[in-house]
Every structure is written in structure tokens, then in C-alpha cells.
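For reference, the structure discussed in these notes is given below.
The values are calculated or read from the model by the stated rules, or taken from the named source; none is laboratory data. This structure is a prediction, so every number in the text was calculated from the model and none was measured. We place every Cβ from the backbone using ideal geometry, glycine too, and count neighbours over all the protein chains shown.
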Amino acid sequence: MSGRIQAPRGTYDVLGESAVAREVLEGHARRILERAGYERIETPVFEATELFARGVGESTDVVQKEMYTLEGGDHETITLRPEGTAPVCRAYLEHGMHKRPQPVKLWYLSSFFRRERPQKGRFRQFWQVGAEAIGSDDPAVDAEAILLLAELLEALGCRGVRLRIGSLGTPAARQAYRTDLQAYLRAHEAELAPEVSARIALNPLRAFDSDHAGTRRAMEGAPRLLDRLDDDDREHFEAVRALLDAVGQAYEVDTTLVRGLDYYTRTVFEFTSDALGAQSGVGGGGRYDGLIEQIGGPHTPGIGWASGVERMLMTASAVPAAAPPLDLYVAYAKPEKRAEAFRLAADVRRAGRAARLELGGRSLKGQLKQAGNAGARYVAILGDEGTALKDMETGEQQTVETGTVLHHIAQGSF
Ligand code: HAM
């Protein structure tokens, strides 16, 4: 037999305190999003590979090199979802959600898969909270979506958060701009990083993303898409900004903001945190008015975002990592008392309170220590002379009928 098997690279187990923190995060997300009319959606963990090829875009890193694709049987290839927007749009179409009042607002908390090089804040299986509002191009939907993510990050106490926004315009404006940018990049090819110059034809916008010093210098003089927007798109962007201004939401306009997925049109945005390392993106998103057509539906505008659970928790200062309170620990000295102790713990739990029973075969002393470590508010000790109920806060102890323990702890008195 060879060595022990470990979790795959880039994955992790959710244990103890971090499980509690994730629940707290989910509670905030649910409250904030459902208050704004977002309904929960869950889609399958895998989808037809073509959904991502067409939806996310053939030229993206995600589709080119990060997807976990496998034989799905039935002569099709399937892919573990690398993101949630294309699947949610697929579900919108498949369930005829265009017949519902628009926009349809959906949110999710799900795991996603990308074959990336693992590093701090970057995993191969990770979780996102995401929100998608489909069926309206009103700039108020954009502003509201941005605000909701800002609210979530604030509720979690995420540190050092900055919001950047931009607009990518329509595909036509972007196409014209792209040609100009390609010409500019070719003229400066000698200064660019090899991987940037290799992508001039396929994805020139990514040049703005490069960390390479020469590329960065060259890009300072590059044409900016934001200066090339057509009137409708410029007005749309101004309207989004005006709404953010109206509620006092701080942001910076970033003329070079590019996102790693191809479906974006018009508004794009990203929240970053100084508290993260190289992977400083906490969450981001934007409008995808062409995506539903790309995957075979009618023209339908949409906007949304996704925020990484791991990255939010890495920067969160307001997420308690404490276990939920324990109302009662049931201890007993002799094995004959085990059935009675078992019943008491079960009754207390059925009555809606947290109760734990000694299960480790510890001595009575060990059990009391265990109750203390678990933070139990009360301990019931079932002995020959009756049941002693101890208030762990005051240290007070009294003998009571076993049948009245629940009553006592509910009353908070003996
Ligand atoms: P994304 O920017 O690719 O957008 O991912 C959103 C967030 O997911 C990132 O800001 C980051 O927090 C987290 N994330 C991404 N990749 C990883 C990884 N390998 N490890 C840990 N966290 C990661 C999207 O996925 C779009 N679907 C967002 C969207 C929704 N746009 C419109 N609607």
C-alpha cells in the first residue's frame, strides 16, 4: 500500500470555524439579495461544454485552458462549471422566464471549477455568491446590482475595499476600438511582454491587464475604449454613475478595466481589496446584453456579478468564527444512566435547543472539562442521587428532576 491520499491541489476541506463563517456569509447574502427581490437558483455542477465555449467565449483563458471537461456519455462532452452566468442564462431560457415580470432576479451560492495555478486566494474549486438580473437594460438595474455587492462586502466588514467601474460599450463600438488598439499594439510590439504580443489578434484588451513593466508603460499612451463609446452607451454609463452618486456610493472610473470573460457589454465593475495579495479581486461583474443570443435565445439584456467566498472571508472582519451556542451538555457518571442521558439530550433538541451528550467515554471530570470547552451554558449531570444542573456562568448548582431540566434552562433559572 502506498501513502495517504490527500485533497487534490487547489481544493480544501471546510472545517469547524470556517464552516460557521461561511454560514454567516450566506445569511448576509440571502438577507441582502432577497430584500431586493432576488430569488435563489441552483443549476447543475456540469453543463454542456458548448454553453461555456459560446457563452464565456473561445478566446478567454477560462475556456482555452482552465475548464475541466469530460465525456458526459451520450456522445456529448460536459464541463464542470467555471462560472455561473452562462448556466443561469441557460436556465432563464429553458424555463421560459421571459414570460415573468422583467427583470428576473436570481442569486446563487455555488462552487465553481477552474484549472488555474493555485495560490493565495486562488483555488481550483472555489465558491461564489452571484446575482443576475435578466430582462432589463435600465441603468438602475446596474446601479442596484453594484450597490448590493457593496452592501454585502460592508456587512461582512471586508477591509480595504475599492470599487472601479467602466463601460465596454456595444460589440460594434468595441470592434472598431479593437482594430485601433491592435494597430497601436503592433506599433509598440517591441515593448510588450511576449504573451501580450501573442494575443494581439485574439484578445488585445487583455494588454491592459499585464503586470509586465514595458507593457504597462506602452499602455499609458494606448487609446481608451471609454473615449470611443457611442452616444447611447455613454448616456447609459452616465446614468449608472449618476445613480451611484445619488446614494453616495464611492467608485473610481477605470478606463482600462477589462474582465476575463467575453460576454460583457456596457457596464463593468470590480471590487478589489488591499487586504488580499496578488489576487486582489474580491468580486466583479457587468452587463451581458448579448449573452443570451450567443447561447441561442432572443436578444435579452442582463447584468450581474459574482464574488468569491474565500476572498470575501479572507478580508472580512465582521464574521464571527465562533461555534453556535450550546444550551446544555448532558454528562453522566455511570453507564446505567446512558439511556436517560440520551433521552434528555434528544428531548432538549426536539424542543429547539442545542444539546450535546457525552459520547467519548470520558470520566465525569473529563466530561465537565469537555462541557466547559464546548462553551455549554448548562451541564446536567445524571447521577445516582438525581440530576444536578449546573449553571456554567454563575457556577451555581442544584439538584432537579430530570424531567424539569428543559423547563429550567428555558427559564434561565432554577
Ligand atoms: P469572475 O471575475 O471570473 O466573474 O469571478 C468572480 C469572482 O470569483 C472573482 O472576483 C473572485 O473573487 C472569484 N474567483 C474567480 N476565480 C477564482 C479562483 N480560481 N479561486 C478563488 N476565487 C476565484 C465571474 O465568474 C462572472 N460570472 C461574474 C458575473 C456574474 N458577471 C456577470 N454576472
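Every residue, every condition in (1) away from the ligand (no atom under 16 Å from the Cβ); (2) surrounded by 16 or more Cβ atoms within 10 Å (Cβ to Cβ); (3) more than 16 Å from Ala150 (Cβ to Cβ), yes or no:
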residue	(1), (2), (3)
Glu220	yes, no, yes
Arg224	yes, no, yes
Glu238	yes, no, yes
Leu243	yes, yes, no
Gln249	yes, yes, no
Leu261	no, yes, yes
Of residues in segment 299-318 being surrounded by fewer than 21 Cβ atoms within 10 Å (Cβ to Cβ) and more than 12 Å from the ligand (Cβ to nearest atom), the one modelled with the highest pLDDT: His299
Any hit, segment 137-154, residues being in a strand (DSSP E or B), under 21 Å from Glu34 (Cβ atoms) and within 15 Å of the ligand (Cβ to nearest atom): no
Failed criterion for Gln279 (all others in (1) within 10 Å of the ligand (Cβ to nearest atom); (2) crowded, with 19+ Cβ neighbours inside 10 Å hold): (2)
Matching residues in segment 389-414 - criterion: being in contact (Cβ under 8 Å) with a residue 12 or more places away in the chain, of a type outside the set (D, E, K, R) and touching a strand residue (DSSP E or B) at 6+ places or on another chain (Cβ under 8 Å): Leu389, Met392, Gln398, Thr399, Val400, Thr402, Val405, His408, Ile409, Phe414
Residues of segment 361-412 that turn out to be touching a helix residue (DSSP H, G or I) at 6+ places or on another chain (Cβ under 7 Å) and of a type in the set (Gly, Ala, Ser), as a count: 1
Within segment 287-298, considering residues that are closer than 22 Å to Pro139 by Cβ and assigned to a helix (DSSP H, G or I), the one farthest from the ligand (Cβ to nearest atom): Glu293
Elements of type helices (runs of 4 or more DSSP H) contained in segment 306-378, each with 1 or more residues being among the aromatic types (Phe, Trp, Tyr): 338-350
Lone qualifier among Asp262, Asp254 - being touching a Ser or Thr at 6+ places or on another chain (Cβ under 9 Å) and at pLDDT below 95: Asp262
Matching residues in segment 162-175 - criterion: being surrounded by 15 or more Cβ atoms within 10 Å (Cβ to Cβ) and among the hydrophobic types (A, V, I, L, M, F, W, C): Leu163, Ile165, Leu168, Ala173
Every residue from segment 327-384 that is on the phi > 0 side of the Ramachandran plot and in contact with a strand residue (DSSP E or B) (Cβ under 9 Å, 6 or more places away or on another chain): Gly375
Within segment 42-76, tally of residues that are of a type in the set (D, E, K, R), touching a residue at least 12 places away in the same chain (Cβ under 8 Å), out of contact with any Lys or Arg (no Cβ under 7 Å at 6 or more places or on another chain) and over 27 Å from Pro204 (Cβ atoms): 2
Evaluation of Ser18 against (1) on the phi > 0 side of the Ramachandran plot; (2) touching a residue at least 60 places away in the same chain (Cβ under 8 Å) (one fails), failing number: (1)
Single residue of Phe208, Phe271 found to be buried (at least 19 other Cβ atoms within 10 Å of the Cβ), touching a residue at least 60 places away in the same chain (Cβ under 8 Å) and either within 16 Å of the ligand (Cβ to nearest atom) or farther than 12 Å from Leu168 by Cβ (or both): Phe271
Search result, residues across segment 391-413 that are modelled with pLDDT under 90 and either among the small types (Gly, Ala, Ser) or surrounded by 11 or more Cβ atoms within 10 Å (Cβ to Cβ) (or both): Ala410, Gly412, Ser413
Filtered residues of segment 1-26 (kept if modelled with pLDDT of 95 or more and not basic (Lys, Arg)): Ile5, Gln6, Ala7, Pro8, Gly10, Thr11, Tyr12, Asp13, Leu25, Glu26
Odd one out for Gly284, checked against (1) touching an Asp or Glu at 6+ places or on another chain (Cβ under 8 Å); (2) surrounded by fewer than 20 Cβ atoms within 10 Å (Cβ to Cβ); (3) assigned to a strand (DSSP E or B): (2)
Search result, residues across segment 243-267 that are part of a loop (DSSP other than H, G, I, E, B), without any contact (Cβ under 8 Å) to a residue 24 or more places away in the chain and among the charged types (D, E, K, R): none
Within segment 156-198, considering residues that are free of Cβ contacts under 8 Å to residues at least 24 places away in the same chain and touching a helix residue (DSSP H, G or I) at 6+ places or on another chain (Cβ under 6 Å), the one nearest to Glu23 (Cα to Cα): Val196
Unique match (being modelled with pLDDT of 95 or more and under 16 Å from Gly286 (Cβ atoms)) among Leu163, Leu168: Leu163
